[in-house]
């Protein structure tokens with residue numbers, strides 16, 4: 001079942017074809033969506049939980065790193081590192097692409113390798129960062 005780090009997912013059918021998707025974190029905060037049985041319903045609930053996490057997380061950067069690692073599922077990753085001493089900055093890279101989170105400035109940066117140099121392709125600020133555009137950048141790796 002799809003979820004995000006630190007949150008548990010519960011899906012229950014409350015009426016014929018109508019489901020309640022609830023994500024709850026360890027502090028009891030909830031993200032809930034009631035809709036028909038579709039993957040989109042689950043993604044909407046996860047997006048809501050992601051937004052809650054972004055607003056009140058005590059360790060947002062580590063949350064993003066763990067979510068990225070979980071979403072990637074080790075597909076062709078050559079290097080990854082989380083650095084708590086560098087404002088919680090991290091990176092995950094494949095042979096040709098990498099995703100960096102600059103913990104000081106709260107930027108998510110997607111880079112591609114051109115020759116021996118890494119080049120910024122997309123920069124997303126924390127305010128602009130949503131679950132769906134985060135997952136899109138993960139898929140780019």
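The values are calculated or read from the model by the stated rules, or taken from the named source; none is laboratory data. These figures come from a predicted structure and were not determined experimentally. Methodologically, a virtual Cβ is constructed for each residue, glycine included, from the backbone with ideal geometry; neighbour enumeration extends over all protein chains shown.
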*Would you be able to say whether some residue in the stretch 43-60 is part of a strand (DSSP E or B), farther than 17 Å from residue 2 by Cα and modelled with pLDDT under 95?*
no
_residue 47 being surrounded by 13 or more Cβ atoms within 10 Å (Cβ to Cβ) and outside the structural domain of residue 127 (by TED's automatic domain parsing)_ = yes
*Output the residues belonging to the stretch 1-34 that are in contact with a helix residue (DSSP H, G or I) (Cβ under 7 Å, 6 or more places away or on another chain) and on the phi > 0 side of the Ramachandran plot.*
6
*Is it the case that residue 26 is touching a strand residue (DSSP E or B) at 6+ places or on another chain (Cβ under 9 Å), farther than 26 Å from residue 109 by Cα and at pLDDT 95 or above?*
no
*Residue by residue through the stretch 1-19, note down the ones that are more than 20 Å from residue 67 (Cβ to Cβ) and loosely packed, with under 15 Cβ neighbours inside 10 Å.*
12, 13, 14, 15, 16, 17, 18
*If we scan the stretch 115-133, do we find a residue that is over 15 Å from the mean Cα position of the chain (by Cα), outside the structural domain of residue 31 (by TED's automatic domain parsing), touching a residue at least 24 places away in the same chain (Cβ under 8 Å) and surrounded by fewer than 19 Cβ atoms within 10 Å (Cβ to Cβ)?*
no
